[in-house]
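Have a look at the structure below before the remarks.
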Amino acid sequence: MIKETINKLKSELPATVKLVAVSKFHPFEAIEEAYEAGQRIFGESRPQELLAKVKMLEEIRLQKNDSAYMSDIEWHFIGHLQTNKLKMVLPYASLIQSVDSVRLLQAIDNWGRANNKVLNVLLECFISGDETKQGFSRQEILDIISGEFRYDFIHISGVMGMATYTDDEQIIRADFRRLKEISDMIQDRLGECANLGSDCKEISMGMSDDYPIAIEEGSTMIRVGSMIFGERKY
Ligand SMILES: *Cc1c(COP(=O)(O)O)cnc(C)c1O
């Protein structure tokens, strides 16, 4: 089932949209199955779980005596990240999608300086009507990119957001449009901020239930979990 769903999704996605397979709460075997189907990017939302899976892969490589086994796998971190857990995540994740505070930006920058590593991040934006969700407001994004802050060890690759949890397609669409507008605002100011690469174009939006709408509204990266791996057992 995992393979079939990955193949189907990939055949439907426009070439401009990357697929992140959200493997949180699913065992490593599920990741291997998706990898065999050609999937390379996996999303995890808990530091301990990401670290455990990284270690498990190292263990499997030893067992197989094959240091190149799944060597081109990419981990994206998509959950809330506390500053005391950075060392579980930053050495392994190729993209931190869920940077939601200036405090976290600063902590990541400090970690990067200490470890001489530039970290790729997305700025998580608050676009929904759900008070429980995290993220920067449009004004906070403006403050960050207008150069008030400088981070030598952070590369901002774009924005991420989650739509309101609802069946109402109009509300979901309006949320995604807000994120697209924030991305457009960033495009207009690319030259003004040292932290923004000329490639600061990623718009990570869309999950199992709403990714078709997200793609229509300009998503470049969808994060799909339950549709690929089944329901999560918390
Ligand atoms: C869990 C999660 C997803 C995947 O959700 P599904 O509905 O299972 O596709 C996507 N993005 C984030 C940030 C998540 O935490």
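The values are calculated or read from the model by the stated rules, or taken from the named source; none is laboratory data. Quantities reported herein were computed from a predicted structural model and do not represent experimental measurements. Please note: Cβ atoms are built from the backbone with ideal geometry, for glycine as well, and neighbour counts cover all protein chains shown. Quick note on the areas: whole protein, heavy atoms, side chains included, nothing else; ligands and nucleic acids left out. Shrake-Rupley method; radii C 1.70, N 1.55, O 1.52, S 1.80 Å.
Averaged over its residues, the chain has an accessible area of 48 Å² per residue, based on protein heavy atoms and a 1.4 Å probe. Solvent-accessible area of the chain (1.4 angstrom probe, protein heavy atoms only): carbon and sulfur portion equals 48 percent. Note on R178: accessible area approximately 110 square angstrom, rounded to 10, probe 1.4 Å, nucleic acids and ligands left out. Scanning residues 5 or more positions from G225 or on other chains, those with amide H under 5 Å from its amide H are V22, S208, with H placed 1.01 Å from N in the peptide plane.
Summarising the amide proton neighbourhood of K18: residues at separation of 5 or more, or on other chains, whose placed amide H is nearer than 5 Å comprise M221, I222. Ordering F42, Y211, P14 by the projection of their Cα atoms onto the charge dipole of the chain, which places +1 on the Cβ of Lys and Arg and -1 on the Cβ of Asp and Glu, puts F42 at the extreme positive end. For the chain, the Cβ-based charge dipole about the Cα centre amounts to some 700 debye (Lys, Arg positive; Asp, Glu negative; other atoms uncharged).
Legend: calculated FRET efficiency, S94 to A114, from the Cβ-Cβ distance at R0 = 25 Å, rounded to 0.05, equals 0.85. Extending 7 Å from the Cα toward the beta-carbon at both D66 and E181 defines two label points whose distance is 5.0 nm. Note on the chain: helix-only mean residue ellipticity at 222 nm, from DSSP H runs of 4+ residues weighted -39500 (n - 2.57) and normalised by residue number, equals -11500 deg cm²/dmol. Selection among S67, A30, I222 by position relative to the dipole of the chain gives S67 as farthest towards the positive end (Cβ unit charges, Cα centre). Taking L50, L122, L13 as the candidate residues, the one with maximal mean-square fluctuation in a Gaussian network model of the chain, Cα springs under 10 Å, is L13.
At a Förster distance of 25 Å, what's the computed FRET efficiency of R138 paired with D168, Cβ-Cβ distance as r, to 0.05? Calculated value: 0.70.
GNM on the chain, C-alpha springs below 10 Å: top fluctuator among S137, S71, S94? Residue with maximal mean-square fluctuation among S137, S71, S94: S71. If R0 is 25 Å, the Cβ-Cβ spacing of S101 and H155 corresponds to a FRET efficiency of close to 0.90. For the chain, modelled as a GNM whose springs connect Cα atoms under 10 angstrom apart, the maximal fluctuation among K24, K55, K180 occurs at K55.
How far is it, in nm, from the label point at A15 to the one at N84 when both lie 7 Å from their Cα along the line to the Cβ? So the label points at A15 and N84 sit 4.9 nm apart.
Within the straight-line cut-off of under 22 Å between alpha carbons, the lysines reachable from K10 are K18, K24, K201, sequence neighbours fewer than 8 places apart in one chain being disregarded.
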